[in-house]
Amino acid sequence: MDLSHSAQDEAFRAEIRAWLEDHLAGEFAGLKGLGGPGREHEAIEERLAWNRHLAAHGWTGVGWPEEHGGRGLSLWQQVIFHEEYARSNAPNRVNHLGEELLGPTLMAFGTEEQQERFLPRILAVEELWAQGYSEPGAGSDLANVQTKARLDGAAWVVDGQKVWTSNAHFSQWLFLIARTEPGTQRHRGLSFLLLPIDQDGVEVRPIEQLTGGSEFNEVFLTGARTASDLVVGEPGDGWRVAMGLLGLERGVSILAQLVGFTRELQRVVALARENGALDDPVLRDRLAGLKAELEVMRFTALRSLSEVTAGDDSAAAGGAASIFKLVWASWHKKLGEVAMDVQGLGGLVARAAPYELDDLQRLFLFSRADSIYGGSDEVQRNILAERVLGLPREPKGEPTK
């Protein structure tokens, strides 16, 4: 595994670091650290202005090919960008779902007309996207989607319900999967549709979370309409497109996530030193273990990227993404638990009325969901058992009488 950077890569690191130092100032200085996990509701308009400032200076779509308006950065330069962005404590971007997920999906599966219509607006942060996958009866079991769509002349008419729909309350568009072939089951007969949110047939209801924000939403679709040509891929081929999109969800940005984890761990250690909790040998051992595990995760992620760079994509086939999801979700939950133990009994009390939390309390509460969202632990283990190890599918239990 070669972890060295070329002179060109180091020059790029200096460039993006200097740019962030210069521009996270003035009107944007107060945005540092805002909008992270459990804090997605913070300063949305101000963060949107920052995202558009990034776009105006060519810092969106850094990994997109130049022919689609991106910078065409190498894999390692994309890693450097995400690492430096995280280290600068820049605000969490509001355009992630469009830029990191839908945009590359349209490049891979979309028509030329769809690319020309949507990609420039995603890059410019003019249109924001939400993801309509999960449903009340189809969260981890995504193939059980019940939302239906039918062609009515020049439009698809969509009926159903989506849930845990991140950022739908301030997005303009929803990409979703719906069953378009009556009588089909599981992976067959699904289509990947692009649907405008601002219409009478779409109702968005925010879901208040334990952290105090409302990142997630319920979305009710009742006769919602979208143009017949806004299906990505062929009708009925939505599962392949949806899985292609999910494959993009755990890319180079994972290393930026680890930078954020490092900052959180440092904050917990600093508090333990300050309040004397570090004198407890058991607690000190737990913190040391978290530090060691974090370094292992970082080098594992770098090794996987190094293999991809070298042309060996076997890491994906070997279940690397599922393994990594299981590991970091478990690690982050342990960090939240240690953070509460470092705070002691005072961590059980809100910092101010009616429900003001500090960063470590929010870390603990939000990390409870880490093993559920983005593919639950149970689903990741099934993927590894069935697709990697070749074990038989888990039998369906008999209904309880």
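The values are calculated or read from the model by the stated rules, or taken from the named source; none is laboratory data. Keep in mind the model is a prediction, meaning the values are calculated, not measured. Here the Cβ is made from the backbone with ideal geometry for all residues, glycine too, and neighbour counts use every protein chain on show. Accessible surface is based on the protein model in full, side chains and every heavy atom, while ligands, DNA and RNA are left aside. Shrake-Rupley method; radii C 1.70, N 1.55, O 1.52, S 1.80 Å.
Here are a few things to note about the model shown:
- Beta carbons closer than 6 Å, at least 6 apart along the sequence or on distinct chains, pair a first residue in the range 29-52 that is farther than 25 Å from TYR373 by Cβ with a second that is among the hydrophobic types (A, V, I, L, M, F, W, C) and at pLDDT 90 or above for GLU46/LEU31; ARG52/VAL125.
- Some residue of the range 60-69 being closer than 23 Å to LYS325 by Cβ, within 19 Å of the chain's Cα centre (by Cα) and of a type outside the set (Val, Ile, Thr): yes
- Verdict on TRP164 being open to solvent by 30 Å² or more (accessible area, probe 1.4 Å), touching a residue at least 12 places away in the same chain (Cβ under 8 Å), in contact with a Ser or Thr (Cβ under 6 Å, 6 or more places away or on another chain) and more than 14 Å from THR60 (Cα to Cα): yes
- Answer residue from the range 100-153, given it is open to solvent by 60 Å² or more (accessible area, probe 1.4 Å) and of a type in the set (Asp, Glu) and is nearest to HIS53 (Cα to Cα) among those: GLU126
- Scanning the range 17-34 for any residue that is of a type in the set (Lys, Arg), out of contact with any helix residue (DSSP H, G or I) (no Cβ under 6 Å at 6 or more places or on another chain) and not in a helix (DSSP H, G or I) turns up at least one such residue.
- Test for ALA353: is it over 27 Å from GLY390 (Cα atoms), open to solvent by 30 Å² or more (accessible area, probe 1.4 Å) and at pLDDT below 90: yes
- Listed by first and then second residue, the pairs with beta-carbon distance under 6 Å, at least 6 apart or on different chains, first residue in the range 184-198 and among the β-branched types (Val, Ile, Thr), second not in a loop (DSSP other than H, G, I, E, B), are ILE197/LEU174.
- Test: residue in the range 29-38 that is touching a Gly at 6+ places or on another chain (Cβ under 8 Å), open to solvent by less than 40 Å² (accessible area, probe 1.4 Å) and within 28 Å of LEU302 (Cβ to Cβ): yes
- Some residue of the range 175-194 being out of contact with any strand residue (DSSP E or B) (no Cβ under 9 Å at 6 or more places or on another chain), in a strand (DSSP E or B) and either surrounded by 16 or more Cβ atoms within 10 Å (Cβ to Cβ) or among the aromatic types (Phe, Trp, Tyr) (or both): no
- Subset of the range 90-141 (residues that are outside any strand (DSSP E or B), under 30 Å from ARG186 (Cβ atoms), among the polar types (S, T, N, Q) and under 18 Å from the mean Cα position of the chain (by Cα)): THR105, SER134, SER140
- Within the range 203-234, the residues that satisfy the criterion of being on the phi > 0 side of the Ramachandran plot and not in a strand (DSSP E or B) are GLY212, GLY233.
- Within the range 272-318, considering residues that are open to solvent by less than 70 Å² (accessible area, probe 1.4 Å), farther than 30 Å from GLY344 by Cα and in a loop (DSSP other than H, G, I, E, B), the one modelled with the lowest pLDDT: ASP312
- Filter result (open to solvent by 50 Å² or more (accessible area, probe 1.4 Å), out of contact with any Gly (no Cβ under 8 Å at 6 or more places or on another chain) and part of a helix (DSSP H, G or I)) within the range 50-72: ARG52, ALA56, GLU67
- Residues located in the range 79-89, provided they are open to solvent by 40 Å² or more (accessible area, probe 1.4 Å) and assigned to a helix (DSSP H, G or I): ARG87
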